[in-house]
Amino acid sequence: MATHHEVKPKPGDLIEIFRPGYQHWALYVGDGFVVHLTPPSECAGAGPSSMMSILADRGLVKMEELWTVVGNDRYRVNNILDGKYQPRPVYVIVEEARRLVGQIVSYCLISRNCEHFVTNLRYGKPESRQVRQAAETAAWTGLGMALAAVALFGPTGDKNKNKHKQ
């Protein structure tokens with residue numbers, strides 16, 4: 001049974017859907033419907049097949065019932081950037097979202113994903129916290145690996161360098 005958030009979405013709200021291993025994002029447009037950007041592999045409960053989104057370079061803007069998109073996954077209203085940006089007027093957000101339905105648009109997991117799509121609609125700013133967090137994690141992981149290498153081999157990577165100078 002799906003676990004759903006208690007907050008009822010209002011038109012213009014961002015909906016964060018918790019898929020296995022990532023979040024899918026949609027924009028609530030009212031009457032139980034959302035607009036979202038879908039790469040070819042995105043569907044409710046797609047699981048590992050959704051990882052094929054990495055290879056997609058085009059996406060389709062769809063309007064579907066919220067429950068169809070959520071499937072058995074958990075979701076919440078998450079107007080993620082309200083503290084950073086002023087949301088655009090609701091009628092502008094909803095009108096633009098509805099106008100885009102059915103269009104095939106550029107898709108890139110790093111710079112034009114479903115989160116970028118909905119934050120651009122709500123705020124006029126395409127941002128993805130998911131991508132930023134992944135980049136920060138990768139940077140910290142890379143830094144950790146670099147520090148471990150320095151600890152093991154010294155700053156030049158040659159563990160025996162000082163032995164040759166003696």
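Could you say whether any residue in the range 122-145 is in a helix (DSSP H, G or I) and modelled with pLDDT of 90 or more?
Yes, the range 122-145 contains at least one residue that is in a helix (DSSP H, G or I) and modelled with pLDDT of 90 or more.
Looking only at residues in the range 85-114 that are modelled with pLDDT under 95 and either charged (D, E, K, R) or in a strand (DSSP E or B) (or both), the one that is surrounded by the fewest Cβ atoms within 10 Å (Cβ to Cβ) is Ile104. In the set (1) in contact with a Lys or Arg (Cβ under 9 Å, 6 or more places away or on another chain); (2) at pLDDT 95 or above; (3) at negative phi, the condition left unmet by Gly30 is number (3). Of the set (1) surrounded by fewer than 21 Cβ atoms within 10 Å (Cβ to Cβ); (2) hydroxyl-bearing (Ser, Thr, Tyr); (3) modelled with pLDDT of 85 or more, all apply to Ser49 but (3). Within the range 68-81, not a single residue is modelled with pLDDT under 90, of a type in the set (A, V, I, L, M) and more than 14 Å from Val34 (Cα to Cα). Exactly one residue among Lys62, Lys8 is modelled with pLDDT of 95 or more, closer than 24 Å to Leu81 by Cα and not in a helix (DSSP H, G or I), and that residue is Lys62.
The values are calculated or read from the model by the stated rules, or taken from the named source; none is laboratory data. It should be emphasised that the depicted structure is a prediction, and the values quoted were computed from it without experimental measurement. Here Cβ is always computed from backbone atoms with ideal geometry, including for glycine, and neighbour counts include all displayed protein chains.
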